[in-house]
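Pasting a structure below so you can have a look.
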Ligand SMILES: C[S@@+](CC[C@H](N)C(=O)[O-])C[C@H]1O[C@@H](n2cnc3c(N)ncnc32)[C@H](O)[C@@H]1O
């Protein structure tokens, strides 16, 4: 009997596998990932012959095997992503936010040799890492640096009309947050930057040092849902009259001075989030990206979006509703005049969220919400 075990889990460790009465073929592809369970730092998997379960194998993973991109990003809601996204193992998929490539890797492991992936990210640094991590599938992946709001142009450039599935895992990667020099984190010293696309001319420094007070207030309210928006905006404008605000620490200090102690950490998180959204025009790109994605899905193709704050989630939810084409005529109208035609079918009436164990293993997943829709 031969057990198939994924190549990526398989350097030379036959002796670390204990399976009574079973012979292993470690050169073959693809363990049955949907039935695998992670136990400690190993995996168990069923051993079956002619459909009869003979036992379970145990394979101890090294830290590198368990998480080959440990310092980049731990992927969120992987099982849900795979089950909603993958309708056809021979299909073509787009990962609009490839980051370090962890979701992409899981997708590629499930696709057949004919399956293709287009891996897109606006951040060059992310693409460099993704290219390394997805090297085993190099032949089947096309890497594109660009914004997903221009998805149509990117697909045209590759000569691809319609695709089977599109994934958007929004926001920033752990790498972006943890890299001091990118200036995304209020907990790390760094320049006021926050650009995902580093070819973009202006970043957080420009927002903080040049935006009028009213504009700063609006951003903090709208994108940060920050209660102390007025006080923080005023303090920033006062402080920058003295000297330019040129670091994450300087900005964090001003926010702290504007907000009572117990609210400081939440306010810091909201203000930094708001500036990041403004710098990268995240909500504008999201709306455009969703439109482009719905346009380029084959009939039966899937759109899967993971968002991390309520503004994003609201946009995704409303977009799917709108594209479902439900009549929006007032109930007193005798007949429909809006004539909306549905192009999407909502697959998640309620968003999918991580369970407790995932949140324990990866606290950054705690705010994740996944929504999925199918092109009709
Ligand atoms: C949460 S991370 C994705 C992590 C990835 N799923 C993984 O498994 O490693 C979000 C990524 O999306 C990228 N991104 C955010 N907005 C984008 C946009 N509008 N177009 C393209 N990439 C974007 C960011 O640069 C970042 O690398």
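Computed from the coordinates by the stated procedures, all read-outs in this text should not be read as laboratory data. Keep in mind that this is a model prediction, so the values were computed, not measured. Cβ atoms come from the backbone with ideal geometry, glycine included; neighbour counts cover every protein chain shown.
If R₀ is 25 angstrom, what is the calculated FRET efficiency for the pair residue 142 and residue 90, using the beta carbon separation as r and rounding to 0.05?
Plugging the Cβ-Cβ distance into 1/(1 + (r/R0)^6) gives 0.95.
So, one more: What ranking, highest mean first, results for peptides 182-194, 315-327 when packing means the other Cβ atoms within 10 Å averaged over each residue?
On the way: 182-194: 20.3, 315-327: 17.5.
Answer by packing, highest mean first, reads 182-194, 315-327.
Could you work out how much longer the chain between residue 113 and residue 244 gets when fully extended? Use 0.36 nm per residue separation minus the Cα distance between them, nm to one decimal. Each step should come with its number before you reach the end.
Working: separation 131, 0.36 × 131 = 47.16 nm, distance 5.48 nm.
Net length gain for the segment: 41.7 nm.
Would you mind calculating the gained length between residue 124 and residue 227 on full extension (0.36 nm times residue separation, minus the Cα-Cα distance), in nm to one decimal? Please list the in-between numbers first.
Details: separation 103, 0.36 × 103 = 37.08 nm, distance 3.50 nm.
Going from the current span to full extension adds 33.6 nm.
Using a 10 Å cut-off on Cβ atoms, rank the peptides 269-278, 365-374 from the highest mean neighbour count down. Let's see the in-between values first.
Details: 269-278: 23.7, 365-374: 21.1.
Put in order of decreasing packing, that is 269-278, 365-374.
I've got another one for you. Between residue 263 and residue 357, with labels modelled 7 Å along Cα→Cβ, what's the label distance in nm to one decimal, could you check?
For residue 263 paired with residue 357, the spin-label model returns 4.0 nm.
Length gain on complete extension for the stretch residue 318 to residue 350, per 0.36 nm per residue less the alpha carbon to alpha carbon distance? Walk me through the numbers before you get to the answer.
Working: separation 32, 0.36 × 32 = 11.52 nm, distance 1.26 nm.
So the extension gain works out to 10.3 nm.
Hey, what did the range 185-276 get for relative contact order, percent, Cα under 8 Å, at least 6 apart?
Values: 111 pairs, mean separation 35.3, N = 92.
With pairs under 8 Å counted, the relative contact order is 38 percent.
Sticking with this structure for a sec: Return, ordered by residue number, the residues of the range 334-348 whose backbone nitrogen is under 11 Å from a label point located 7 Å along Cα→Cβ of residue 327.
334-340
Continuing with this model, one more query. Mind giving me the nanometre distance, one decimal, between the label points for residue 181 and residue 340, set 7 Å out from Cα along Cα→Cβ?
According to this spin-label approximation, the distance is 4.8 nm.
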